[in-house]
Amino acid sequence: MPLLHLAFSTGKQCYLPVLHPFLAGRLWFVPWTPATPMQLNRFNIPEPVYRPAEICKPQWLDIIITPLLGFDQQCHRLGMGGGFYDRTLARLRTASRPDRALLVGVAHDIQQCEQLTVAPWDIPLHHIITPRCHYCCESHKKRFSNAG
């Protein structure tokens, strides 16, 4: 929540994931402000109350910050096992928008694993940020090497 409030206070448009009501295992993203009413989903996770017209597809977002249980230095992510983010973000692999969403994982240093087993459907992150380190996936270093 502190990161959301900081982003909002600096003029950023913020979106939070909500469980897709029709496609099992997928997420939608909807707008969030500090005044947005929240409700518990079926996993008892708070999510914004929204109208269908407010839905934002992941390929329209600039940055998606994902939760994780573990990660490795190659920016592979170990999630909760439901595949929600992998299924939702799979469309980004073929998205026609060249500047598709930047995928960032936020973790504690202790969550780092030596190496994760990766399945073909696993979506790697572009960056992982911990209190001590910033990991940048090799395939995305060129993309950001000229960024100031």
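Structural remarks
- Residue in the range 106-126 that is surrounded by the fewest Cβ atoms within 10 Å (Cβ to Cβ), counting only those that are under 13 Å from Asp86 (Cβ atoms) and either of a type outside the set (A, V, I, L, M, F, W, C) or free of Cβ contacts under 8 Å to residues at least 40 places away in the same chain (or both): Pro120
- Count of residues meeting criterion [over 19 Å from Gly83 (Cβ atoms) and either assigned by TED's automatic domain parsing to the domain that holds Thr88 or in a strand (DSSP E or B) (or both)] in the range 17-49: 8
- Here no strands (runs of 3 or more DSSP E) wholly within the range 50-148 include at least 3 residues being in contact with a Cys (Cβ under 9 Å, 6 or more places away or on another chain), farther than 22 Å from Cys14 by Cβ and at pLDDT 85 or above.
- Residue count, the range 1-44 (criterion: β-branched (Val, Ile, Thr) and exposed (fewer than 14 other Cβ atoms within 10 Å of the Cβ)): 2
- Test: residue in the range 22-39 that is on the phi > 0 side of the Ramachandran plot, touching a helix residue (DSSP H, G or I) at 6+ places or on another chain (Cβ under 6 Å) and not aliphatic (A, V, I, L, M): yes
The values are calculated or read from the model by the stated rules, or taken from the named source; none is laboratory data. Because the structure is predicted, anything quoted here is derived from the model rather than measured. For neighbour counting, all protein chains shown are included, and Cβ atoms are generated from backbone atoms with ideal geometry for every residue, glycine included.
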